[in-house]
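Structure first, then comments.
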Amino acid sequence: MVDDRQYHGLVRRDVYSVLPQRVGRVLDFGGGYGLTAAALKEERSAKSAVVVDLYADRAKVHPAVDAFEQGDAGDPAFIASLRERYGVFDTILCLDVLEHLADPWRAVAALTTLLSEDGAMVASIPNVSHMSVMGPLVFKGEWKLVDAGILDRTHLRFFVRATAIELMTSSGLKLEAVDAGYQWSWRGWKFVRRCLFGFGDRFFAAQYLIRVGRKGP
């Protein structure tokens, strides 16, 4: 069993590299206990932070969070109620959450309706072509679902760089930034990556951090 904090109690500072300079009003969709949202208020001067999560315990939500809601991004009535109560948001976060949904494209489209004119949507999406997945698949024929990571047993959709970008731009938003999150325990991977002159980067990126907006870069 995976520690509940691994899903709901992390501060995702790894996404700071693709955040807009001004985060303004923040909606953290699938934001767990709101620790990332609280950190954005303290460290990035976010004006307000609303967290939406279906499973997090409301009693454990960080006190700095302005509001906490339980609901589904694919539910039009719920999205409409968010807009009615909170208006639009300058930064919408979808961090390691879209791959858990049966229809993440519908969720992205719904969340786009909550985005301000100059706003940005930021997602982190696991990369299924990472070596930890492709190595066992190619050489052993193994595809083992586990309790956490890229092959988390609760993942319903799988993406590589191109399809992750397609997902985030599927509602008409324009690509603004992409960064790769490298997580590899083997110490020699950086040397191998340099020797490949970037050709094998898709095998070393554990996730892609993507920012999209209405106007583009």
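Computed values, structure above
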quantity: Pair list, Cβ under 8 Å, 6 or more apart: region 32-51 residue over 18 Å from E69 (Cα atoms), other residue part of a helix (DSSP H, G or I); calculated: A39/R13; R44/Y16; A46/A37; A46/L40
quantity: Any hit, region 136-145, residues being at negative phi and buried (at least 16 other Cβ atoms within 10 Å of the Cβ); calculated: no
quantity: Count of region 101-118 residues which are surrounded by fewer than 16 Cβ atoms within 10 Å (Cβ to Cβ) and outside any strand (DSSP E or B); calculated: 3
quantity: Test: L82 is farther than 21 Å from Y16 by Cα and crowded, with 21+ Cβ neighbours inside 10 Å; calculated: yes
quantity: Selection status of A109, under 18 Å from the mean Cα position of the chain (by Cα) and at pLDDT below 90; calculated: no
quantity: Subset of region 26-48 [acidic (D, E) and either in a loop (DSSP other than H, G, I, E, B) or under 25 Å from P217 (Cβ atoms) (or both)]; calculated: D28, E43
quantity: Extreme residue, surrounded by the fewest Cβ atoms within 10 Å (Cβ to Cβ), among residues of region 146-158 that are under 11 Å from P126 (Cβ atoms) and out of contact with any Asp or Glu (no Cβ under 6 Å at 6 or more places or on another chain); calculated: A148
quantity: Set V23, V51, V2: member being in a loop (DSSP other than H, G, I, E, B), of a type in the set (A, V, I, L, M, F, W, C) and modelled with pLDDT of 95 or more; calculated: V23
quantity: Which numbered condition I125 fails, given (1) in a strand (DSSP E or B); (2) among the β-branched types (V, I, T); (3) modelled with pLDDT under 80; calculated: (3)
quantity: Where V88 falls short, out of the listed (1) among the β-branched types (V, I, T); (2) surrounded by fewer than 22 Cβ atoms within 10 Å (Cβ to Cβ); (3) within 28 Å of V146 (Cβ to Cβ); (4) at pLDDT 95 or above; calculated: (3)
quantity: Neighbours by Cβ (under 8 Å, 6+ apart or cross-chain): first from region 200-213, on the phi > 0 side of the Ramachandran plot; second at pLDDT below 70; calculated: none
quantity: Neighbours by Cβ (under 7 Å, 6+ apart or cross-chain): first from region 153-164, in contact (Cβ under 8 Å) with a residue 40 or more places away in the chain; second in a helix (DSSP H, G or I) and loosely packed, with under 12 Cβ neighbours inside 10 Å; calculated: none
quantity: Those helices (runs of 4 or more DSSP H) lying entirely in region 153-217 with at least 1 residues of a type in the set (A, V, I, L, M, F, W, C) and modelled with pLDDT of 80 or more; calculated: 161-168
quantity: V65 vs. criteria surrounded by 18 or more Cβ atoms within 10 Å (Cβ to Cβ) and within 20 Å of L173 (Cβ to Cβ); calculated: no
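The rows are residues; the columns are (1) touching a Phe, Trp or Tyr at 6+ places or on another chain (Cβ under 7 Å); (2) farther than 13 Å from V26 by Cα; (3) in contact (Cβ under 8 Å) with a residue 12 or more places away in the chain.
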residue	(1), (2), (3)
G71	yes, yes, yes
P76	no, yes, yes
S81	no, yes, no
I92	yes, no, yes
V97	yes, yes, yes
A107	no, yes, yes
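The values are calculated or read from the model by the stated rules, or taken from the named source; none is laboratory data. Quick caveat: nothing in here was measured; it's all calculated off a predicted structure. We place every Cβ from the backbone using ideal geometry, glycine too, and count neighbours over all the protein chains shown.
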